[in-house]
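Let me begin by presenting the structure, written as structure tokens, before commenting on it.
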Amino acid sequence: MKINPNPNPVLPSQGENQPPENKELKKVAKQFEAVFINQMIGAMRKTVTPGGLIPESNAERVFKGMLDSENAERMADSEQLGLSNIVYEHLLRTSQGR
């Protein structure tokens, strides 16, 4: 099985009439995707039953939250989920009238 390293290839017909890229909107869309992924990871963590010999400390909960946030940002930067592209396109369409 061959995996395409570029999940969103630009076809020749797509690149001709595209509006210029708005970097600030792109950044906001990625931040939104990171928040969404962070919420998803938090919901997944809640499904795991606590256990083990040592009870979870407050410091461990804080560290897990920071780790989840960092993982969410990296996942959003990879653009594998594709949510940021959808949000960006929607923001671009709705902000063009302004």
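Here are a few things to note about the model shown:
- Calculated over region 48-98: convex hull of Cα atoms, volume per residue (Å³): 126
- Within the straight-line cut-off of under 28 Å between alpha carbons, the lysines reachable from Lys46 are Lys30, Lys64, sequence neighbours fewer than 8 places apart in one chain being disregarded.
The numbers here are math on the coordinates, done by the rules we state, and not lab data. Just so you know, these numbers come straight off a predicted model, no measurement behind them.
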